[in-house]
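See structure below.
The values are calculated or read from the model by the stated rules, or taken from the named source; none is laboratory data. Predicted model only: the values in this text are computed from it and were never measured. Because the Cβ atoms are built from the backbone with ideal geometry, glycine has one as well, and the counts that use them run over all protein chains shown. SASA here: full protein model, heavy atoms, side chains in, ligands and nucleic acids out. Shrake-Rupley method; radii C 1.70, N 1.55, O 1.52, S 1.80 Å.
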Amino acid sequence: MLERTPPTPALKRVLAHAERVAEWAGDRFVGTDHILFALLEVDAFAGTVLKKAGLNKEIIRAWRAGPHE
């Protein structure tokens, strides 16, 4: 049986910020785009990795606005 690991302080910060991003966007639920925005904006290791891989807010906005299949 797997044990649950409590969320780290960094994860708590990211998720709290993702909730604020969703509210600001007028969305009822936190989605992948909100979490990605939060990772880029909150000081988190994953955000650093995503930035080095080339992800930025403009890419997320374009994905959010475009058609999805």
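Evaluate the charge dipole of the chain about its Cα centre and quote only its size in Debye, nearest 20, assuming +1 on the Cβ of each Lys and Arg and -1 on the Cβ of each Asp and Glu.
Working: 10 positive and 9 negative charges, 29 e Å.
Approximately 140 debye in magnitude.
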Legend entry - FRET efficiency for Glu41 and Leu2, using Cβ-Cβ distance with R0 set to 22 Å, rounded to 0.05: 0.10
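Using packing as a proxy for protection, rank 16-23, 31-38, 58-65 so that the peptide with the highest average count of other Cβ atoms within 10 Å comes first.
Working: 16-23: 16.8, 31-38: 19.5, 58-65: 12.2.
Output ranking for 16-23, 31-38, 58-65: 31-38, 16-23, 58-65.
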Legend entry - Spin-label model distance (nm) - Glu19 vs Lys52, 7 Å beyond Cα toward Cβ: 3.1 nm
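Return a whole-number percent for the relative contact order of the chain, with Cα pairs under 8 Å and 6 or more residues apart as the contact set. Could you put the intermediate results ahead of the total?
Numbers: 43 pairs, mean separation 17.4, N = 69.
Once normalised by length, the contact order is 25 percent.
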Inset, instruction - Show which aspartates and glutamates lie in cross-link reach of Lys12 when reach means a straight Cα distance below 18 angstrom and same-chain residues fewer than eight apart are skipped. - result: Glu23, Asp33, Glu41, Asp43
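Of all accessible surface on the chain at a 1.4 Å probe, what whole percent is carbon and sulfur? Before the final figure, lay out each step's value.
Numbers: 3390 of 5620 Å².
Answer for the chain is 60 percent, counting heavy atoms of protein chains only.
Over the chain, with the other protein chains present, what is the accessible area per residue in square angstrom, probe 1.4 angstrom? Could the numbers behind the result be given before it?
Numbers: 5620 Å² over 69 residues.
On a per-residue basis, 81 Å².
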